[in-house]
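Peer 1: Got a structure for you, written out below as C-alpha cells; questions coming shortly.
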Amino acid sequence: MVVTAESEEQRRRREDLRGLFDGIAGRYDASRPGYPAEIVDAVCASAGVSRGAEVLEIGCGTGQLTRQLAGRGFNLTAIDIGAAMIEAARTSVADPLVRFEVCSFEEFAGGAQFDLIVAATAFHWVDPASAWPKPPGCFVTVAGWRC
C-alpha cells in the first residue's frame, strides 16, 4: 500500500476536526449506529482471536464496537482522544477486561503485543505517517486487512 504524505493544510484540517466529536459525546452516542454482530464475529474469526487475546481498539468513541468486543474474554485496550467519549464508553461497558485510555494512536505507548488491532470508523483520523508502520499485529480498517 502506498501512503502519500499529507500537506501541511491537510494535516492542520485533520487535527482540527478529529476532536470535534468529544464536545457532543452524548448526542454522538445516541445517533451513532452500532455494527452488525455478523461483521464483528467475522473479524474475530478471520483474525483467529479468542479468549485471552490482546486486542487494541483505535478511536473507540463512545464504545459502539467496544460493547460488541466486550464479554468475549479479550484483554481489550480501547483508546480515543476524547475524554468525554472515553467516559461515555466506560459508562456503557462493564467488562473488567476492558481498559480505556485517553490518547491518540500516535501517542499510544501500549507496552503489549496485540493479536488484533481494530479501528471501526476512526482510522482516517490517524496521522498517515504513523498509521501503517506502527501496528505490531494484524488489524482491520474499513479499507481492508493489514498484517
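Where a number appears in this text, it was derived from the coordinates with a stated rule and is not lab data. Because the structure is predicted, anything quoted here is derived from the model rather than measured. Don't worry about glycine lacking a Cβ; one is built from the backbone with ideal geometry, like all the others, and counts go over all protein chains shown.
Peer 1: Using modelled backbone amide H atoms (1.01 Å from N, in-plane), which distant-in-sequence or interchain residues come within less than 5 Å of Ala78's amide H?
Peer 2: Under 5 Å from the amide H of Ala78: Glu57, Arg99, Phe100, Glu101.
Peer 1: With 10 angstrom as the radius, rank Thr77, Thr91 by how many other C-beta atoms surround their C-beta, starting from the fewest.
Peer 2: Lowest to highest Cβ neighbour count: Thr91, Thr77.
Peer 1: Another question about this same structure. Please give me the summed charge of the neighbours of Val55: other residues whose Cβ is under 10 Å from its Cβ, Lys and Arg +1, Asp and Glu -1.
Peer 2: Summing Lys/Arg as +1 and Asp/Glu as -1 gives -2.
Peer 1: Provide the FRET efficiency to the nearest 0.05 for the Ala112-Glu9 pair, computing r from the beta carbons and using R0 = 35 Å.
Peer 2: Plugging the Cβ-Cβ distance into 1/(1 + (r/R0)^6) gives 0.45.
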